[in-house]
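J.: Quick one: this structure, given as structure tokens, is what I'll be asking you about.
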Amino acid sequence: MNDPERTMLLSVHPRFATAILAGTKTVEVRRQRVAAPPGTPVLLYATAPTMAIVGLARIASVRVASPREVWTASRTKAGISRREYDEYMSGAIQASGLSLEAPVAFQAPVPLSALRASGSFHPPQSYRYLTGEDLRKLVMAAPDGGTVLRDTLSELVRV
């Protein structure tokens with residue numbers, strides 16, 4: 001689970017992807033336990049209507065605790081209201097707050113249609129880890145021939 005070369009693909013609503021990439025949202029909350037070490041690269045998949053990988057960030061830390069404790073620690077950094085948070089966490093007994101750092105927006109997002117054309121690609125409901133082969137396909141699917149994406153990813157993972 002703690003392979004430093006693993007890359008996480010994280011599905012987020014477009015407004016949250018925009019806020020993460022702008023640096024105004026530095027904590028992404030999840031209903032389940034996320035066990036990812038600091039430094040883990042995170043590719044941001046913006047869901048409909050965007051439907052594209054729009055950028056990346058790195059995990060600075062992960063806090064796993066009760067939903068109340070995660071909210072207390074991240075409320076000013078999560079980019080959502082208390083009401084939205086409570087609705088999302090309804091029924092959860094555990095929550096994770098992923099602190100993100102070093103966001104990079106891609107000039108040319110990688111659209112879902114290009115990702116699917118390069119192989120069988122299915123965006124995750126929440127998140128999943130990508131293999132080296134997944135990353136190679138992603139680079140090949142990039143609209144600019146993968147140059148910008150490859151250069152950005154090479155700082156974080158071996159592609």
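The values are calculated or read from the model by the stated rules, or taken from the named source; none is laboratory data. In this text, all values refer to a predicted model and were calculated from it rather than measured experimentally. Cβ placement follows ideal geometry from the backbone for every residue including glycine, while neighbour counts extend to all protein chains displayed. Heavy atoms of the whole protein, side chains included, go into the accessibility calculation; ligands, DNA and RNA do not. Shrake-Rupley method; radii C 1.70, N 1.55, O 1.52, S 1.80 Å.
J.: From the list ALA48, ALA35, exactly one residue is modelled with pLDDT of 95 or more and either more than 24 Å from SER81 (Cβ to Cβ) or open to solvent by 30 Å² or more (accessible area, probe 1.4 Å) (or both). Which is it? I'd like the intermediate steps shown before the answer.
T.: Details: ALA35 fails: modelled with pLDDT of 95 or more.
Of the residues listed, the single one that is modelled with pLDDT of 95 or more and either more than 24 Å from SER81 (Cβ to Cβ) or open to solvent by 30 Å² or more (accessible area, probe 1.4 Å) (or both) is ALA48.
J.: Quick check: anything in segment 42-65 out of contact with any Gly (no Cβ under 9 Å at 6 or more places or on another chain), among the hydroxyl-bearing types (Ser, Thr, Tyr) and over 17 Å from SER113 (Cα atoms)?
T.: Looking for residues that are out of contact with any Gly (no Cβ under 9 Å at 6 or more places or on another chain), among the hydroxyl-bearing types (Ser, Thr, Tyr) and over 17 Å from SER113 (Cα atoms), one finds none in segment 42-65, hence no.
J.: Separate question: Which of the residues that make up segment 77-122 are within 14 Å of the chain's Cα centre (by Cα) and under 12 Å from VAL29 (Cα atoms)?
T.: ALA78, SER96, GLY97, LEU98, SER99, LEU100
To keep it simple, each residue is scored yes or no on (1) modelled with pLDDT of 95 or more; (2) within 22 Å of ALA46 (Cβ to Cβ).
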position: ILE80; (1), (2): yes, yes
position: TYR85; (1), (2): yes, yes
position: SER90; (1), (2): yes, no
position: LEU98; (1), (2): yes, yes
position: GLU101; (1), (2): yes, yes
position: PRO111; (1), (2): no, yes
position: SER120; (1), (2): no, yes
position: LEU130; (1), (2): no, yes
position: VAL139; (1), (2): no, yes
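J.: Might you let me know whether segment 71-86 holds any residue that is under 23 Å from LYS137 (Cβ atoms), of a type in the set (Val, Ile, Thr) and open to solvent by 10 Å² or more (accessible area, probe 1.4 Å)? It would help to see each step written out before you state the result.
T.: Of the residues in segment 71-86, the ones under 23 Å from LYS137 (Cβ atoms) are none.
Within segment 71-86 (the criterion being under 23 Å from LYS137 (Cβ atoms), of a type in the set (Val, Ile, Thr) and open to solvent by 10 Å² or more (accessible area, probe 1.4 Å)), the answer is no, since none of the residues qualifies.
J.: Within segment 1-96, which strands (runs of 3 or more DSSP E) (wholly inside it) include 2 or more residues that are farther than 22 Å from HIS122 by Cβ?
T.: On the way: elements: 7-12, 27-30, 41-46, 52-65.
Strands (runs of 3 or more DSSP E) meeting the threshold: 27-30, 52-65.
J.: Follow-up. Please work out if THR26 is closer than 14 Å to GLY97 by Cβ, open to solvent by 10 Å² or more (accessible area, probe 1.4 Å) and modelled with pLDDT of 95 or more. Talk me through it step by step, then tell me what you get.
T.: Working: closer than 14 Å to GLY97 by Cβ: yes; open to solvent by 10 Å² or more (accessible area, probe 1.4 Å): yes; modelled with pLDDT of 95 or more: yes.
Criteria met by THR26.
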